[in-house]
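S.K.: Okay, here's the structure, questions in a sec.
The values are calculated or read from the model by the stated rules, or taken from the named source; none is laboratory data. Bear in mind the structure is a predicted one, so any value in this text is a computation, not a measurement. All Cβ positions, even for glycine, are placed from backbone atoms using ideal geometry, and neighbour counts span all protein chains on display.
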Amino acid sequence: MSKVSIRDIIAPHFIPTFNSRKTNQIYEGGRNSTKTSMIAIKIVYNCLNEDNCSAVCMRNHQIDLRKSVFREIKRACHRLGLVEGLDYKATVSPMEITFFKNENKIYFAGGDDFETIKGTIDEKKLIKIIWFEELTNFKDEETIEQIKATFTRGNNDWFMALYSYNPPKNKFDWVNKWADKKRKDPEYLVSHSDYRTVNPEWVGKIAIKEAENLKKNDEKRYNWIWLGQVIGLEGLIFNPDLIEYVNENYIIENKIEIIYMDFSIDSGHQTSATACGCYGLGDDGYWYLLDTYYYSPNEKPVKKAPSELSADLFNFKIKMTKEYKTITDRETIDSAEGALRNQYYKDFGVRLNPVDKGTNKEKLVDYSQDFIAQKKFRVVLNNNNQIFKKENENYQWLPKSIESGKPIPDKTEKDLPVDERYYNTHSQSYAYTYADHTQDEFQYWVKDNLVKLGLKY
């Protein structure tokens, strides 16, 4: 083990609080603020230098532990000059780190299974530290208080509960309301940080450029992601000004070659519209919404069966393939949609990729907002894509859901004026209503292609 100065491995912003033993410590901030790294170092430092001090590092889900807090703690060990095998032992099953100097341990647990590790804890080594990483993913304040109480029993000495998170956009989210309340509580330390408080060399030129580009394109979103500010959920979900609409002959006129295409489906069958977007990557580096299949069953006495929709979607793909003389890379569909997926495979031997949209609609939206903010997305404004434009311009959060802290988009289908009803050439039907069907399939496409779209998980 080599000697390392703490001042050399944590951002100056955290120096005043690093040695704090305050029972409750909240660390909030934006991307690349290094708060997670600092907390990991703080935990390892205390476990290494106290005779009777073990810790529990937590994520809401056990499955997230290995690639997040476990990896971060091992990095902290390295930064403190510790050598695995000489200074500490790390195991995955059970997931633990043991320091040879004093036999203190760091345990790792998910909020969904934390009860299972209680029996493995060495009662001779008290739990002095508990870390709630990505606090926003935990259910509510009551949940974290119950977990904390479990590990503080029998502890008559000092104890630290560390909370780290990036503030949600919605001011009504339970974490934001909880943090606002705790700022006034003298028993709580509250630290806010962002990438500007960190050595630029640690942040990196690429990340700084990414932040600056977002500030230029969408300052409000920059304030949230990079500065960790609560910006609120008001008005439209997507900023239409960040989407470039081009005329239907734009690709031909500018001699743009489409390298490959993706297709993404939101299926409604009998009850609501089925939408499929065709997205193409141009050799100019831009992504294009080339065309849209849209079928609405409204006001139709006989609705299309899955077999008919399957044929329609396949013919749509064939038409787009011939038109742009390129290949298909990925075909995406909502994972909850089994009937059409099975029908498509039965008919054409092609497996549509089921994308898990998850339970957090706000997170799914975030990915798409990040993509749009790159200003690398263009919509070919042909007649079939008019419905995308209309739905995008009217896509907003359901007001009552914002105040509940669990926002969902407003899915109320609204009648279009007669002069705004669009005839879709692929489904040979009119789009009579707009809600969010094209916006859903757009989000499925983004979620299913994060890496190639240059987005972070």
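S.K.: Which pairs have Cβ atoms under 7 Å, sit 6 or more apart or on different chains, and link a residue in the stretch 330-356 that is in contact (Cβ under 8 Å) with a residue 12 or more places away in the chain and outside the structural domain of Q443 (by TED's automatic domain parsing) to one that is buried (at least 19 other Cβ atoms within 10 Å of the Cβ) and aromatic (F, W, Y)?
M.R.: From the stretch 330-356, no pairs qualify.
S.K.: A further question on this structure: Does any residue of the stretch 159-180 turn out to be free of Cβ contacts under 8 Å to residues at least 12 places away in the same chain and part of a loop (DSSP other than H, G, I, E, B)?
M.R.: The first filter runs over the stretch 159-180 and keeps only residues free of Cβ contacts under 8 Å to residues at least 12 places away in the same chain, leaving 180.
Next, only the ones that are part of a loop (DSSP other than H, G, I, E, B) stay: none.
No, that holds for no residue.
S.K.: Looking only at residues that are modelled with pLDDT under 90 and either hydrophobic (A, V, I, L, M, F, W, C) or outside the structural domain of I251 (by TED's automatic domain parsing) (or both) in the stretch 286-306, which one is surrounded by the most Cβ atoms within 10 Å (Cβ to Cβ)?
M.R.: Filtering the stretch 286-306 for residues that are modelled with pLDDT under 90 and either hydrophobic (A, V, I, L, M, F, W, C) or outside the structural domain of I251 (by TED's automatic domain parsing) (or both), the one surrounded by the most Cβ atoms within 10 Å (Cβ to Cβ) comes out as A305.
Yes or no, residue by residue, for (1) at pLDDT 90 or above; (2) hydrophobic (A, V, I, L, M, F, W, C):
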site	(1), (2)
I387	yes, yes
L398	no, yes
D419	no, no
H426	yes, no
E441	yes, no
W445	yes, yes
L450	yes, yes
L455	no, yes
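S.K.: If you don't mind, there's one more thing I want to ask. When residues of the stretch 142-159 are filtered for being surrounded by fewer than 21 Cβ atoms within 10 Å (Cβ to Cβ), under 27 Å from N19 (Cβ atoms), within 31 Å of the chain's Cα centre (by Cα) and of a type outside the set (G, A, S), how many remain? Before the answer, list the steps.
M.R.: Filtering the stretch 142-159 down to residues surrounded by fewer than 21 Cβ atoms within 10 Å (Cβ to Cβ) leaves 142-143, 145-150, 152-159.
Cutting the leftovers down to under 27 Å from N19 (Cβ atoms) gives us 145, 147-150, 152-159.
Still in the list and also within 31 Å of the chain's Cα centre (by Cα): 145, 147-150.
Right, trim to of a type outside the set (G, A, S) and you get 145, 147-148, 150.
Residues in the stretch 142-159 being surrounded by fewer than 21 Cβ atoms within 10 Å (Cβ to Cβ), under 27 Å from N19 (Cβ atoms), within 31 Å of the chain's Cα centre (by Cα) and of a type outside the set (G, A, S): 4 in total.
S.K.: In the stretch 117-139, how many are in a helix (DSSP H, G or I), touching a residue at least 24 places away in the same chain (Cβ under 8 Å) and within 16 Å of F151 (Cα to Cα)? Reasoning before the result, please.
M.R.: Kept after step one, since they are in a helix (DSSP H, G or I), are these residues of the stretch 117-139: 117-120, 135-137.
With the extra rule that they be touching a residue at least 24 places away in the same chain (Cβ under 8 Å), the set shrinks to 117-118, 120, 135-137.
Among the residues that remain, those that are also within 16 Å of F151 (Cα to Cα) are: 117-118, 120.
Residues meeting the conditions: 3.
S.K.: Give the residues of the stretch 312-346 that are part of a loop (DSSP other than H, G, I, E, B) and modelled with pLDDT of 95 or more, sorted by residue number.
M.R.: So in the stretch 312-346, the residues part of a loop (DSSP other than H, G, I, E, B) come out as 325-326, 335-338.
Those that are part of a loop (DSSP other than H, G, I, E, B) and modelled with pLDDT of 95 or more: K325, T326.
S.K.: I'd like the residue in the stretch 56-87 that is in contact with a helix residue (DSSP H, G or I) (Cβ under 7 Å, 6 or more places away or on another chain) and within 17 Å of I9 (Cβ to Cβ) and, out of all such residues, is surrounded by the fewest Cβ atoms within 10 Å (Cβ to Cβ).
M.R.: Selected residue: R75.
S.K.: Among all residue pairs at least 6 apart or on different chains, which show Cβ distances below 7 Å where the first residue, located in the stretch 313-328, is without any contact (Cβ under 8 Å) to a residue 24 or more places away in the chain and the second is surrounded by 14 or more Cβ atoms within 10 Å (Cβ to Cβ) and assigned to a helix (DSSP H, G or I)?
M.R.: Here the result reads none, with nothing in the stretch 313-328 linked to a residue that is surrounded by 14 or more Cβ atoms within 10 Å (Cβ to Cβ) and assigned to a helix (DSSP H, G or I).
S.K.: Could you tell me whether any residue of the stretch 283-292 is out of contact with any Gly (no Cβ under 6 Å at 6 or more places or on another chain), aromatic (F, W, Y) and within 30 Å of N254 (Cβ to Cβ)?
M.R.: Scanning the stretch 283-292, I find at least one residue that is out of contact with any Gly (no Cβ under 6 Å at 6 or more places or on another chain), aromatic (F, W, Y) and within 30 Å of N254 (Cβ to Cβ), so the answer is yes.
S.K.: Also, quick follow-up: With the condition kept exactly as written, say whether any residue in the stretch 103-112 is charged (D, E, K, R), surrounded by fewer than 16 Cβ atoms within 10 Å (Cβ to Cβ) and touching an Asp or Glu at 6+ places or on another chain (Cβ under 8 Å).
M.R.: First pass over the stretch 103-112, keeping only residues charged (D, E, K, R): 103, 105, 112.
Next cut, surrounded by fewer than 16 Cβ atoms within 10 Å (Cβ to Cβ) only: 103, 112.
Those still in the list that are touching an Asp or Glu at 6+ places or on another chain (Cβ under 8 Å) too: 103.
Within the stretch 103-112 (the criterion being charged (D, E, K, R), surrounded by fewer than 16 Cβ atoms within 10 Å (Cβ to Cβ) and touching an Asp or Glu at 6+ places or on another chain (Cβ under 8 Å)), the answer is yes, since at least one residue qualifies.
Residue-by-condition table, conditions (1) within 30 Å of N342 (Cβ to Cβ); (2) assigned to a loop (DSSP other than H, G, I, E, B); (3) not hydrophobic (A, V, I, L, M, F, W, C):
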residue: A211; (1), (2), (3): no, no, no
residue: K215; (1), (2), (3): no, no, yes
residue: Y222; (1), (2), (3): no, no, yes
residue: L227; (1), (2), (3): no, yes, no
residue: F238; (1), (2), (3): no, yes, no
residue: Y245; (1), (2), (3): no, no, yes
residue: I252; (1), (2), (3): no, no, no
residue: F263; (1), (2), (3): yes, no, no
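S.K.: Can you tell me which residue in the stretch 371-395 is farthest from S427 (Cα to Cα), limited to those that are assigned to a helix (DSSP H, G or I) and touching a Gly at 6+ places or on another chain (Cβ under 9 Å)?
M.R.: Residues of the stretch 371-395 assigned to a helix (DSSP H, G or I): 371-373, 386-393.
Subsequent filtering for residues that are touching a Gly at 6+ places or on another chain (Cβ under 9 Å) retains 371, 388.
Working: F371: 28, F388: 15 Å.
Per the stated criteria, the residue is F371.
S.K.: Separate question: Tally time: how many residues in the stretch 237-263 are of a type outside the set (F, W, Y) and under 19 Å from the mean Cα position of the chain (by Cα)? If you could, list the steps in order and put the result at the bottom.
M.R.: If we filter the stretch 237-263 for residues that are of a type outside the set (F, W, Y), which is where we start, we get 237, 239-244, 246-249, 251-259, 261-262.
Add one more test, that the residue is under 19 Å from the mean Cα position of the chain (by Cα), and what stays is 237, 239.
Number satisfying all stated conditions: 2.
S.K.: I would also like to ask the following. For the stretch 228-241, how many residues meet the condition of being crowded, with 17+ Cβ neighbours inside 10 Å and more than 22 Å from N176 (Cα to Cα)? Reasoning before the result, please.
M.R.: Initial filter on the stretch 228-241 (crowded, with 17+ Cβ neighbours inside 10 Å): 228-231, 233, 237-238.
Narrowing further to those that are more than 22 Å from N176 (Cα to Cα): 238.
Going through the stretch 228-241 one residue at a time, the tally reaches 1.
S.K.: If you check I256 against the conditions, is it farther than 19 Å from D366 by Cβ, at pLDDT 95 or above, of a type in the set (A, V, I, L, M) and in a loop (DSSP other than H, G, I, E, B)?
M.R.: Values: farther than 19 Å from D366 by Cβ: yes; at pLDDT 95 or above: yes; of a type in the set (A, V, I, L, M): yes; in a loop (DSSP other than H, G, I, E, B): yes.
Taking the combined requirement at face value, the residue satisfies it.
S.K.: Quick check, is Y423 surrounded by 17 or more Cβ atoms within 10 Å (Cβ to Cβ) and either among the polar types (S, T, N, Q) or farther than 17 Å from D266 by Cα (or both)? Talk me through it step by step, then tell me what you get.
M.R.: Values: surrounded by 17 or more Cβ atoms within 10 Å (Cβ to Cβ): no; either among the polar types (S, T, N, Q) or farther than 17 Å from D266 by Cα (or both): yes.
When the stated conditions are applied, Y423 does not pass them.
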